[in-house]
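The structure appears right after this line, and notes come after that.
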Amino acid sequence: MRGQLGQIVRFGLVGGVNTATFYGCYLLLHPWMPYFAAYSIAFVLSMIGSFFLNTYFTYRTKPTWKKFALFPLTNVTNYLVQSVGLYALVTWAGMDDRIAPLVAAVVAIPFTYLLSKKILVPGGRKAEAGPAGDAEVASDTVGTR
């Protein structure tokens, strides 16, 4: 249970770093290009950073090309859960549309955590064992020597 709690805390920290990275990149790029291009590039850069932070720091596993290719599914899931939650909270629960996005974002966290764990932790093993316990083929590893 303690290891799981550590993962959840690290996941939250990575989320904070990812949000700051996204916003910082957006602010740096926006003066040089249209806002949507800046948004898109910042989003991709922060997602790549999030992938590496989550593999190494949150789940303590090795990045692979397969995981890298599947990782954007976590963002799609997050978007869908937040969108459905936002709609339900505003339309059905009558929540203020300025508060509802925050509540929907909090509700999406467990879904995103579980999916990213499924993608990034091979075979469902506990990631607390560290990278040495990862039995994946080294030639499939991304960004390592």
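Read-outs throughout are calculated quantities, based only on the coordinates presented, and are distinct from any laboratory measurement. From a predicted model like this one, the values you see are computed outputs, not experimental measurements. So basically every Cβ, Gly included, is an ideal-geometry build from the backbone, and we count neighbours across all protein chains shown.
Counting only residues that are surrounded by fewer than 16 Cβ atoms within 10 Å (Cβ to Cβ) and either part of a helix (DSSP H, G or I) or of a type in the set (D, E, K, R) (or both), segment 79-100 holds 11 of them.
Number of residues in segment 45-78 that are farther than 18 Å from residue 113 by Cα and surrounded by 14 or more Cβ atoms within 10 Å (Cβ to Cβ) equals 2.
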